Amino acid sequence: MKVWTTRSLALLTAGVILLPAFCVQAQGQRRITVNEYVNKMKAGWVGQMVGVGWGAPTEFHAQNRMLRQDEVPQWKPEMVNQFNQDDLYVEMTFLRTLELHGLTAHIRQAGIDFANSGYPLWHANRNGRDNLRIGIAPPDSGHPAFNRHADDIDYQIEADFAGLIAPGLPNTVIQLGEVFGRLMNYGDGLYGGQFVGGMYAEAFFETDMNKIIAAGLACIPADSQFAECIRDTVQWHKASPSDWEATWKKINDKYQTNPDYRQFSCNKGNFNIDAKINGAYIVMGLLYGQGDPEKTITISMRCGQDSDCNPSNAAGILFTTIGFEQLPDVYKSAIDPNGTFSHTPYSFPKLIEVCEQLAREAVGRAGGNLGRNENREDILLIPVLTPQPSALEQCWEPGPVANSRFTPYEMAMIEANAKDREEGYDGWVALFDGKSLEGWKVTKENADGWKVEDGVLKGSGGRSHLFYDGKHAPFNNFELRLEVLTQPHTNSGVFIHTEYQEQGWPSKGIECQVNNTYLPDPKKTGSAYNIVNLFGVPAQDGEWWDYHIIVKDNWLTIYVNGQKINEYLQPADQTNNSRLSEGTIALQQHDPGSKVSYRNIRIRKLD
């Protein structure tokens, strides 16, 4: 990667001409010392860590309602160490691409790197990466024709990095969105990230939140519904500057319950992961928080929906305006400098170092340079450029696809790393190799009911159970992740802490139900069968959905598509066979009318 060092940037002032990345006439110059830039950028990362750590226990607990004050967790300094949060490490994949390939990294390279990531994903991120892995190259990987989650919050969650390496450079933020946001999003889903990045870029020079929000709006099409949502939030704040709940109700009425503003929502019920309403909740925290970290985070959290991601964005922007040295100790005193962000090579100090290098490059590419002040401190000299937003597009009326596909050579670059994703990465191991039933043992009852086709484990026919019998068993405390494809009438289940038996329903362990539309049984997906039963439907037939099951001591927690839907604390005196103890995993095929498919079955022991 070419990095603009002190020496190379100093040459710019000596007459060496650098072609700017954006051919827009500069309207002046902003200045910030390198030390002050680092101080603010470092604080921005801390804000993200604090916001997501504080809000994580509340994520999607409040849907179509405000989170109550008594539901807000108490902040503890050690909660800052969020090294295992996907809200942080996913964007570090993008930083790594820039570190290795520079700010001119091509979107196809970004797609290859994202396809090779080893972490679990949901919504637009998941759909986009799945597209990349089967050869649909960007920008089509994020196009609504291929990605039904293209208006979701995903790039908005991850765009903090763009503003943090582009101080005062809105066009750099916009262009980074065109490279990385296009991997999974389109339209308002893309604009949400460019808006967030634009606010960060301005936060290095401004503390007035209305001006910071205006700078973010300047980075996206004014005619978009996303921009309309943010303008509404600002206006409703002006009308009720001391009553955030009144503004929340107006936002909810228009952007939650009005179908005209949820035309491409992946879920049109109470659950709302659309970029627009969650973007409004970021702005709510920034405006009503009045510069106070606790108020900013808790108001953004209490707005509900994605109530860890939104406080993370809001706190990151606010903390950038404050700077690391000026932050209250309660938010920074417990940071572990030796902790490594999961799925990345970055510790906190290394992350700051890489961002400084990229910021120097960004300033140079935008036509700026490096100078020194009277105290002989290095100063970034940053041109003031008019933002050039991306073109207006809407997911519900999308433009044409690009017909972009990876070449065989590019696919080989993706497939070369497939084994790393399957075996032992960050403690995860694959239980299913995608090719055979190796490591699995089927019951004698309907023994031919399980087959492997095209990398998928398929169950059909009469009652049958497939038990994991491989080298990684037995399991006590663990995380299990698998993808499930159900059809109308599918009735299946995932047994945990069970053991092999030749026929009949497994007598040991707990069944995590798989049933979206099988009418004879009202107990639906996510139920701990006959222990904590659920009767709503959290997933859809006909498309792959994510099942995430966590067992820790006497706790069982179940997620579907990243949303916690069930939690069970086993009584200490529980003694029957339907309990948490130790054992293996089994997949159920229920009856002749049922068909079910499983893939990407992975487990990580937590002992």
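The values are calculated or read from the model by the stated rules, or taken from the named source; none is laboratory data. In this text the structure is predicted, and so the values were computed from the model without any measurement. With ideal geometry, Cβ positions are generated from the backbone for all residues, glycine too; neighbour counts draw on all protein chains shown. The accessibility values were calculated without ligands, DNA or RNA, using every heavy atom of the protein model including side chains. Shrake-Rupley method; radii C 1.70, N 1.55, O 1.52, S 1.80 Å.
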Computed over the Cα atoms, what is the radius of gyration of the chain divided by 2.2 N^0.38 Å, N being its residue count? 0.99
Quick one: pull the percent of accessible area on region 490-589 belonging to carbon and sulfur, 1.4 Å probe, ligands and nucleic acids left out. 47 percent
Checking the cross-link filter: which lysines have an alpha carbon closer than 24 Å to that of K42, excluding same-chain neighbours under 8 positions apart? K2, K76, K211, K295, K332, K350
Given the C-alpha atoms of region 60-217, compute the convex hull and give its volume per residue in Å³. 141 Å³
Quick one: with all protein chains in place, what share of the accessible area of region 41-102 is carbon or sulfur, to the nearest percent (1.4 Å probe)? 43 percent
What figure in square angstrom, to the nearest 10, would you give for the accessible area of E438 with a 1.4 Å probe? 140 Å²
Ordered by packing density, taken as the mean number of other Cβ atoms within 10 Å over each peptide's residues, highest first, how do 162-174, 189-201 rank? 189-201, 162-174
Would you please report the Å³ per residue occupied by the convex hull of the alpha carbon atoms in region 327-382? 132 Å³
Cα-based helix-to-principal-axis angle, 188-203 vs the chain, degrees rounded to 10: 40 degrees
Over region 81-125, one equal point on each Cα, no solvent: what is log10 I(q)/I(0) by the Debye formula at q = 0.18, 0.22, 0.33 Å⁻¹? -0.56, -0.78, -1.25
Can you give me the orientation-averaged projected area of the convex hull built on the Cα atoms of region 445-599, in nm²? 8.6 nm²
Work through the residues other than S597 whose Cβ is under 14 Å from its Cβ and net out their charges, Lys, Arg +1 and Asp, Glu -1. -2
Accessible area, 1.4 Å probe, largest first: how do Y288, Y409 sort? Y409, Y288
Angle in degrees between helix 86-101 and the longest Cα principal axis of the chain, rounded to the nearest 10: 60 degrees
Treat each spin label as a single point 7 Å out from the Cα along the C-beta direction, and report the K350 to R231 distance in nm. 4.5 nm
Let me have the 222 nm mean residue ellipticity of the chain computed from DSSP H runs of 4+ only, each contributing -39500 (n - 2.57), with the sum over all residues rounded to the nearest 500. -10500 deg cm²/dmol
Compute the FRET efficiency between N530 and K238 as 1/(1 + (r/R0)^6), taking r as their Cβ-Cβ distance and R0 = 51 Å, and round to the nearest 0.05. 0.45
Rounded to whole Å, sorted largest first: equivalent-ellipsoid semi-axes of region 29-137, Cα gyration tensor: 29, 24, 12
Using only the Cα atoms of region 280-390, construct the convex hull and provide its projected area averaged over every direction, in square nanometres to one decimal. 10.2 nm²
Find how much the distance from N270 to D292 grows on full extension, using 0.36 nm per residue of separation minus their present alpha carbon separation; answer in nm with one decimal. 4.9 nm
K444 to Q63: extension gain in nm, 0.36 nm per residue of separation minus the Cα-Cα distance? 132.6 nm
So what is the accessible area of region 198-269 per residue, in Å², with the probe set to 1.4 Å? 42 Å²
For region 356-413, what does the equivalent ellipsoid look like in terms of its semi-axes, each the square root of 5 times an eigenvalue of the Cα gyration tensor, given largest first in whole Å? 39, 21, 8
Any chance you could run the full-extension gain for T104 through E206? It's 0.36 nm times the residue separation minus the Cα-Cα distance, nm to one decimal. 33.9 nm
Using a simple spin-label model with points 7 Å from Cα along the Cα→Cβ vector, what separation in nm is obtained for K605 and V401? 4.4 nm
Nearest-ten-degree value, helix 170-180 long axis tilted from longest Cα axis of the chain: 30 degrees
Simple label model, 7 Å out from Cα along Cβ direction - V456 to Q29, nm: 6.0 nm
Just the number please: accessible area per residue for region 551-595, 1.4 Å probe, all protein chains included, in Å². 48 Å²
Could you tell me what percent of the accessible area of region 196-333 is made up of carbon and sulfur, with a 1.4 Å probe and every protein chain present? 45 percent
